Each structure stands twice: as C-alpha cells, then as structure tokens.
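The values are calculated or read from the model by the stated rules, or taken from the named source; none is laboratory data. Everything numeric here is computed off the predicted structure, so don't read it as measured data. Positions of Cβ are generated from backbone atoms using ideal geometry, with glycine treated the same way; all protein chains shown enter the neighbour counts.
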Protein chains: 2
Amino acid sequence: MMGSTHRWVMNARHEPLLLENFDALPPEAGEVVVKVAGCGVCHTDLGFFYDDVQTRHALPLALGHEISGRVVATADDTADWMDKAVIIPAVIPCGSCDACQRRRYAICPNQKMPGNDIQGGFATHVQVPAFGLCPVDEARLKDAGLELADVSVVADAVTTPYQAVVRSGLTTGDLAIVVGAGGVGGYTVQIANALGANVVAIDIDQEKLDVIRGFGAALTLNAKELAFPDLKKSVRNFARENGLRKTESIIFECSGSAAGQRTAYGLMTYGSTLCVIGFTMDKVEIRMSNLMAFDARMLGNWGCEPALYPAALDLVLDKRVQLLPFVERKPLEAINEVFDAVHDGRMTRRAILIPEAE
Amino acid sequence: MMGSTHRWVMNARHEPLLLENFDALPPEAGEVVVKVAGCGVCHTDLGFFYDDVQTRHALPLALGHEISGRVVATADDTADWMDKAVIIPAVIPCGSCDACQRRRYAICPNQKMPGNDIQGGFATHVQVPAFGLCPVDEARLKDAGLELADVSVVADAVTTPYQAVVRSGLTTGDLAIVVGAGGVGGYTVQIANALGANVVAIDIDQEKLDVIRGFGAALTLNAKELAFPDLKKSVRNFARENGLRKTESIIFECSGSAAGQRTAYGLMTYGSTLCVIGFTMDKVEIRMSNLMAFDARMLGNWGCEPALYPAALDLVLDKRVQLLPFVERKPLEAINEVFDAVHDGRMTRRAILIPEAE
C-alpha cells in the first residue's frame, strides 16, 4: 500500500544521519499515516543536531517538523482524511486535556512535535495524530503556482508568526516592527503587511533587508550601521511621515538573539506590544518597570494553534504571502549535505527536503 | 460658598510643604470643584518629595492623587454632579482623544494626575475634570462602617491592582502569586482572593505577611528566609495540595524592587501571566525567551480606567476588600510630620490626610 518506507535518523549529535527502513504500522485510533511531500529544515532541527538541545524522544529519531503530504492510511475514526493533502502542525496538541478544552493548545502537556516527541518528517512517511491536520485545497494550490511540498513551511515558519500577529491584535494602519528579518522574521513582515500594518524591518544582514524590502517592509534599518538612538529616531520619523500613531507599536522579536531582544525592548513605547517569537538561552538586562510606565505588554508565542492554520494557509494560497522566493527544494537523500550547508550559512533560503519519487 | 480654600504646596525637593491660600475659581466647562474629604499619601508622592522624580506641573504644586470628597461647584455641563460624594481617579483621561476613543485610557496623552499634572489633593479643595468621577453611595458607605475619607485610597491603591487583576483574566480557582504584600500588594491579595483565586503572598517583611494572612493570603512565604528554589517548590506544593493547576499561575509584581521582579519572573511557568504593577528604575537580567518557551506573557499596568472604579468600589462597600485595618487618618496640617513618618517607615498603614473641619 505504501511502497518503500524509510527515514533519515539521528543516532547521535554530529554523527551523519542514517537511512533506516521501517515498517509503517496501521494507524492507531485517532491517527493517520502521511506520505511526505516535503519537510522544511528549521533551525530547531539544527539545534538538536549541532547544539546541546535534547529531543524529548530517545535517539535514534528522524528530525523534521515542517511537513506537508498526503494521507495514505487511516484508522476507523480517521477514515475521512484518506487521500487528503494536508499540512501537519509543528506542534500537535491532544485536543482533549484540560488546557486544550480551554483553548490553551500551546501549553497542552500531551502535545506532540514530529522530530522531537515522535518520528519526524525527514522520511517518506510519518504517523501522526489526525487532530489539527490542515487540509490543503489542491486546486487553489495549483492556481497559486505551488506544489504540496512548498507549503510544508506553513507548518511552522508561517503559522508561528501568524499566531503572534493574531494575538497582538494587529490591524490596518498599525506600526509593526520586525527585529530579525530572515526566515520566520521574513514571513512576519509579509503577514503583518498583508494584514494592513506599516512594517519596519530591522536586521544586521543588509542582504536580508534588501530582499524583504520587496516583500512588505516599507522601511528597512541596519542595526549594525545605526546606533540605537538613531534606530529609534528612524522609527519615529517613519511613523510621523506616514501619519501613524506614535504609540502602540507592535514589535516582533524574531532574531532569537540577545542583541535583537535588547533592540526590541528598547523600541517599546506607550501601549506597545512586544511579541517574543525567537529563542535564545542568553539573558538580557531590562528595566522591567517600563512595561508599567508604558502600560505595555510582552506576549510569548509558542507554535500555532491548529484552528489558525487554514487562515494562515489562505494568505499563501491568495498570494498575499510569498513562499517561492524564500524556499529551495532539495532531495531528501542529500540531507547531510543540506544540514551542513544551512549550518554553515551557505543556504539563504529555507531548504525543503523532498523524498525521492518511487 | 466654599469657605476657606487652602493647600499644602511643595516648593522644592526636601523643603517643608507650605500652607497656601488660594481662590477657588468657578469650574471651567467639563470641570468640577471637589471639597476634599481625604487624600491618601502614596509612595509616588514621596518619590516627588524625597527622590529625583519630577512632577510634570511646575512647582509650587500641591501633591496628592488619592482623593475622595464632595462636589461643591460645577460648570453648566457638569451640573448633575453637584453635591455628589465622589472618588477622583488618580489618572484622569481626557475621554475624547484617539486613544480614549479606543478605550486605551491608560495611555491618553492628555491625562491629568492630581498632584502631578494639576494641583493635588493635599488641600481643602481641588478643581478636576468631571470625566471619570466615581460616585459613592453614601448609604452603602455608612452600612460598611466607612467614612467618605476612607475610600480615598480606592483612587489608586485599590483600583490599580483591580485593573491588573481584571486584565489578567483571573477567575475562580486560579493560582495567584503576589510579590510584595504591603500597600498595593495587600489590596492585590484581597482583590484576587475576593474574585476566587487561591493566593500566595511573598514578601521579605514577616510582619506584613502575618497581617495579610488574615485578609486572603492562603499561603505566605518569606523571601528573606527561603532560597529561590525552595520558594518555587513551596508554591508548587501549595498548588498540588489544593488541587490547582500547575500551569497558568497569575503573578502580580507589587514590590517595585529588582529583587521582587526577579522572584516574580522566576516563578513564571507554562501559560503564566506576570502583571507588572510596582515601579523601580532598577534593571533586572532575565531570559526573555522563557516567555516564548512557556507561551507566557507580561502585562504592564498603569493606573486604572474610570469605567472599572465602580466595580472596585463595590468590593469595598460589600466588605469583600477591607480598608480600615490598612489606613490611618491624620490631620492635613500634620502633612510634614506624616511625610517624614512614612518615609522613615514609622507608619505601617496608609496615611489619609483629612482637612480640618471649617
């Protein structure tokens, strides 16, 4: 039924990922088997492979949590999903615990992340809970000039900032500031722009800034070239020149660096919202009482709840958020070379690994 | 009509406040004159008098922003307020600007704070905008065993944490942690308890902890005696023993100290909300990405919007929040001695200054 089933597993940190054949089991109740169309390579994967970050599932484990594909096997209670094109959420909540029943999906204690809690998407097939699967309209996909593999990155790189944007309450005419304009930050720029905000993008990489200027950033600022007071002044001038409010800026920290976090915090003003999307173990020193004096807030954002996936995907299918300029398809069997290339900074676009055709 | 009108004004930092007679002018459109029943002495007043904090209005200026009293003069458009017993909000938004129209009262750029932007309540009379005045039901006041002067502290010490509690979404059965259990923190304990939370109070002053145990703190922890890991463990044990959620604690930082902020931030867990109510210029070092990993948030809180005052006052009039054990009436003419006593830590209760009867 499924043809050859194999995956590339991590056996130990830094050791080459190895090809492993496995027998796809019939899905248990509530589960499906998805034939992988593509799986994006995220910095979280590199963290497991190159750094000290531990997977919650014991090794050997296939990494990969940005998965799109087609359902090829179902259980009795998931039969409606058969043959459907889907995106698998990067974080799959259980849907039934106390937290889920109160729509606090992000903190579901039973959540499953492929390539972390369960076998991931650097494989021909994955077995996952059906809860939260996002159906992909293949006619619209084709109209948008996309293949199913391309929307794999919606599973995390697009939806995570999408949830942050929704939670921030961002609306038409708002001033949005995105710190860290590559990868997730780039999609944050596109999403905020698509939803009507006036977007300032800040990075230390001029190349990334030049790219994102064509995709929704009305102003780009290089934090390597501008001292912080000048950066702040530039943002204020942008607001004034465009008739925007001086207050209530919505700031998205996507760099996952202490320097970026300091910049983001320092740009807060009266009524600001700072969305923390990027991750770093590093600490930063802040005047916490600014939050009180500014009546401002900080919103941490983990993953994206499944109910928001269709709207995020709509932005892509309606061509309001562009994927193709930011992704690059690579064959799955090149996974070790691709990991090294991403790690060494030799790939500027997000790699999507495509299992070989049978 | 108004009898003698005078106020105690600050001429310079550290110099004794001086008695000044003034002519109460007929209120302008939108304004009223309130005959002061009582005005609470807040640490913000001490900040202006003893520290480096600048008033926005030039000196000389009467301080004092926790005011209750009776309307004794009105303009044509405020005539309905005549003779009414009222509480004046500590922060009076204009009610008509762009921010106010979107209910962002806390960041109204035209907001007036008595004793900071305009002449304050250490006086026999104050002239203030009528917008946001909170009427006081004198029959209920009497039933509660209170005088009009007593509810002056509702203007800030009760309403500021009340807004923070409302914004946090706190509800029955939640775990609330209050860091800094005196003054504003004490009312935070009472309010959170009145709204059904299970409240842990943390302080470094055992006396304050002993008092607040009788007013809604189910557990008190002395941060001077417990190392942080033990503090954290005590909170977790409290949650377990009382069948509360391990996640989504709501933490109120009321100490306005770097140590308290570190404690409050360190106690955050999955889905936590940290409300920043206290103020300090000091900085703290934090791992900002914890907000992302925990899907948690921090909400800064400035003052309280006028629409919430009646509900906060209801808690007092219904005796669900006690004032009398925490306040002490003093004659207004003793203001200089009272300031010194509060500054030196010789008054454990909040002083309410009462103008002499005519």
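Step by step: first the residues of the range A:290-306, then only those that are without any contact (Cβ under 8 Å) to a residue 40 or more places away in the chain and of a type in the set (Gly, Ala, Ser), then the one that is farthest from the other protein chains (Cβ to nearest Cβ). Which residue is that?
A:ALA293
Which of (1) modelled with pLDDT of 95 or more; (2) surrounded by fewer than 21 Cβ atoms within 10 Å (Cβ to Cβ) does A:ARG346 not meet, given it meets every other one?
(1) is the only condition that A:ARG346 fails.
Looking only at the range A:96-119, which residues are more than 12 Å from every other protein chain (Cβ to nearest Cβ) and in contact with a helix residue (DSSP H, G or I) (Cβ under 8 Å, 6 or more places away or on another chain)?
Residues satisfying the conditions are A:GLY115, A:ASN116.
For every residue, the table says whether it meets (1) touching an Asp or Glu at 6+ places or on another chain (Cβ under 7 Å); (2) in a strand (DSSP E or B).
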| site | (1), (2) |
| --- | --- |
| A:GLY182 | yes, no |
| A:ASN193 | no, no |
| A:VAL200 | no, yes |
| A:LEU209 | yes, no |
| A:THR220 | no, yes |
| A:LEU226 | no, no |
| A:PRO229 | no, no |
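If we keep just the residues of the range A:84-95 that are of a type outside the set (A, V, I, L, M), touching a helix residue (DSSP H, G or I) at 6+ places or on another chain (Cβ under 9 Å) and more than 14 Å from chain B (Cβ to nearest Cβ), which is nearest to A:GLU31 (Cα to Cα)?
A:CYS94
Within the bounds of the range B:7-18, is there any residue that is more than 27 Å from the chain's Cα centre (by Cα) and not in a strand (DSSP E or B)?
The answer is no, given that none of the residues of the range B:7-18 is more than 27 Å from the chain's Cα centre (by Cα) and not in a strand (DSSP E or B).
Could you look through the range B:195-207, keep only residues that are buried (at least 21 other Cβ atoms within 10 Å of the Cβ) and in contact with a helix residue (DSSP H, G or I) (Cβ under 7 Å, 6 or more places away or on another chain), and pick out the one that is farthest from B:SER257 (Cα to Cα)?
B:VAL199
Which pairs do you get when a residue that is over 27 Å from B:THR44 (Cβ atoms), found in the range B:64-84, comes within reach of a residue that is among the polar types (S, T, N, Q) and buried (at least 21 other Cβ atoms within 10 Å of the Cβ), reach meaning Cβ atoms under 7 angstrom, with the pair 6+ apart or on two chains?
none
Among the residues of the range A:1-36 satisfying the criterion of being within 22 Å of A:ARG56 (Cα to Cα) and basic (Lys, Arg), which is modelled with the highest pLDDT?
A:ARG7
Out of the range A:41-56, which residues are among the polar types (S, T, N, Q) and part of a loop (DSSP other than H, G, I, E, B)?
Scanning the range A:41-56 gives A:GLN54, A:THR55.
Hey, can you tell me all the residues within the range A:71-86 that are in contact with an Asp or Glu (Cβ under 9 Å, 6 or more places away or on another chain), under 13 Å from A:LYS35 (Cα atoms) and not small (Gly, Ala, Ser)?
Matches in the range A:71-86: A:VAL71, A:VAL72, A:THR74.
Based on this model, can you work out whether B:ASP77 counts as farther than 30 Å from B:LYS142 by Cβ, surrounded by fewer than 24 Cβ atoms within 10 Å (Cβ to Cβ) and acidic (Asp, Glu)?
Against the criterion (farther than 30 Å from B:LYS142 by Cβ, surrounded by fewer than 24 Cβ atoms within 10 Å (Cβ to Cβ) and acidic (Asp, Glu)), B:ASP77 qualifies.
I'd like the full set of residues that are polar (S, T, N, Q), buried (at least 24 other Cβ atoms within 10 Å of the Cβ) and within 10 Å of chain B (Cβ to nearest Cβ), limited to the range A:232-289.
A:GLN261, A:SER272
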